[in-house]
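One structure below.
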Amino acid sequence: MKSMSIEIPDPKTLLQHVDIAPYGDDIPVSSNDGFHRGGAFRISSVLPAISSALGHPVQTSIHHDPKKLQEALGFPSCTSAIVVLVDGMGFWNIATRSGHAPYLRSLMHESANARPISTCLSSTTVVALASFGTGTCPGMTAMTGYTQLNPCKHRISQMIQFRNAIPPLELQREPTVFERLSEEGVRVTSSGLPEFADSALTQAALRGSSYIGREDAEERVLEACKAARKPGLTYLYIRDVDKAGHEFGWESESWIAEFETVDAQLALLHRNAPKGTLIVIVADHGMIETDPDQRIDMAQNPELLEGVKFYGGEPRFVMAYADEHVEPESIAERWRSELSGLGGSAEVLTKQEGIDAGMFGPVKPDVEPMIGDVLAIMHDRATLVDSRVQRDGATRLPGVHGSKSMMESDIPCLMDLV
Ligand SMILES: [Zn+2]
């Protein structure tokens, strides 16, 4: 493959928001920086494109032409594919630190890999995994934020563990690509931590594979390689980069150490995968470092609480659910002026504006109430927290994601035909 180097924009540019990208099979017009965002270059395209590469194209309610996605993403046909999802390893996180990751660097310099694709909004694990697993969008999967309203119980639910949530199979009714492939008799294997084998999130977003649980990270890699000896699809999930990023910030030594470890694990996968296997490496989102001076606590700003019944989302993408008889637009207007006055500006939209802009893709009627009436998508390094319900540490995380900066929403889609 042709080799090229990636020009890394300055840190200020990387914090700028990208436009809301469309869903679908087309290649959208390029942004100012020359990259195409959304459409075929979207996290939801990856599994349908791989299904086409495997000769078992799976259509979804968003993607009708898996072959077109395969061509757009440049995946060669194959009999066995391994898709790796590295939590929190954004395209620009990799590009900026590629000196620490010889394997990822070598992949990224290949011209077919030297461009990001887009994750979803909010740019967070539960939303992205559901969109990835089903090949659809948050408006279809009903997984729209780290926390979101459960309209049946009138409570906020946390969607990683499904606390206070609608049970996973009732909530997320889109078939997963794994299910569809298994129904066609294609082998689908997941290799991951034992604790996730039957977790609510796995059931919702990634059901339909046979799951191999291993405590040891290298064993998980080698199990994936072993599974890939038989035709079909293998999925490998790697978590640790995201964890280190939240705890210490992605610019920390600890993050770099995890990043180096992950690069070594991926290189191990490359060395041990059977010849002819297509490896595809993606992430669910990237990450930014927060600025304590741009941390806004709504508990200390009564103007932000007025007319709001519940808060969902996360500090970079807050969803406010309005009290009955309160116009979302009046909250949105107040938030716009308040937040910029507090030094943490945000793009504030009403739910309707977000839906009309295509932020969640097509939205099913029963999903609509789960989305907040007002959405605050934070700019720069700002966070909007709520010390009434969040632990102090959770309101001061050095590393976060959720918004639509290039850092958070541009993700890798790196292929390696071994
Ligand atoms: Zn995270």
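The numbers here are math on the coordinates, done by the rules we state, and not lab data. The structure displayed is predicted, hence computed values, not measured ones. Note: ideal-geometry Cβ built from the backbone for every residue, glycine included; neighbour counts use all protein chains shown.
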For the stretch 168-265, what does the alpha-carbon gyration tensor say about shape, rounded, prolate or oblate, given a ≥ b ≥ c as the root eigenvalues, a/c under 1.5 as rounded, and a/b over b/c as prolate?
oblate
Distance in nm between label sites at residue 325 and residue 219, each 7 Å beyond Cα in the beta-carbon direction?
6.1
So what is log10(I(q)/I(0)) for the chain at q = 0.06, 0.08, 0.09 1/Å, when the Debye sum runs over its Cα atoms only?
-0.22, -0.39, -0.50
Karplus-derived HN-Hα couplings along the stretch 394-406 (A = 6.51, B = -1.76, C = 1.60, θ = phi - 60°), whole Hz, x at Gly and Pro
5, 8, 10, 4, x, x, 9, 7, x, 8, 10, 6, 4
Is the C-alpha gyration tensor of the stretch 24-109 telling us rounded, prolate or oblate? Criteria: a/c under 1.5 is rounded; beyond that, a/b larger than b/c is prolate, otherwise oblate.
oblate
Can you tell me, using C-alpha contacts under 8 Å and at least 6 residues apart, the relative contact order of the chain as a whole percent?
24
Looking at the stretch 1-54, which trypsin sites (Lys or Arg not before Pro) are DSSP coil and have at most 13 other C-beta atoms within 10 Å of their C-beta?
2
The chain: antiparallel DSSP beta bridges as a percent of all, rounded to 5
55
Are there trypsin sites (Lys or Arg not before Pro) in the stretch 303-390 that DSSP marks as loop and that have at most 15 other Cβ atoms within 10 Å, and which are they?
388
Take the alpha carbon atoms of the stretch 157-226, find their center, do the same for the stretch 336-410, and report the distance between the two centers in whole angstrom.
27
So how strong a dipole does the chain carry about its Cα centre when Lys and Arg Cβ are +1 and Asp and Glu Cβ are -1, to the nearest 20 debye?
1280
Ranked by Cβ crowding within 10 angstrom, fewest neighbours first, how are 401, 17, 379, 63 ordered?
17, 379, 63, 401
Just report the Cα centroid separation between the stretch 250-277 and the stretch 27-104, whole Å.
19
Share, in percent, of DSSP beta bridges within the stretch 292-396 that are antiparallel, nearest 5:
85
Convert each backbone phi in the stretch 138-152 into a coupling constant with the Karplus relation 6.51 cos²θ - 1.76 cosθ + 1.60 (shift: θ = phi - 60°), then list the ³J(HN,Hα) values in order as whole Hz, x for Gly and Pro.
x, x, 9, 7, 6, 10, 10, x, 4, 10, 7, 6, 9, x, 6
Amide H neighbours of residue 357 under 5 Å, counting only residues 5+ apart in sequence or on other chains, H built in-plane at 1.01 Å?
none
Among 137, 120, which comes first, second and so on when ranked by fewest other beta-carbon atoms within 10 Å?
137, 120
If the only charges are +1 at each Lys and Arg Cβ and -1 at each Asp and Glu Cβ, what is the size of the charge dipole of the stretch 292-396 around the Cα centre, to the nearest 20 debye?
460
Cα Rg, Dmax, the stretch 67-119, angstrom units:
12.4, 35
I'd like the FRET efficiency for residue 264 and residue 26, computed as 1/(1 + (r/R0)^6) with the beta carbon distance as r and R0 of 30 Å, rounded to 0.05.
0.20
Strictly greater than 21 Å: what percent of every Cα pair in the stretch 289-418 meets that?
41
How do 13, 125, 134 rank when sorted from fewest to most other Cβ atoms within 10 Å of their own Cβ?
13, 125, 134
How many percent of DSSP beta bridges within the stretch 125-261 run antiparallel, rounded to 5?
40
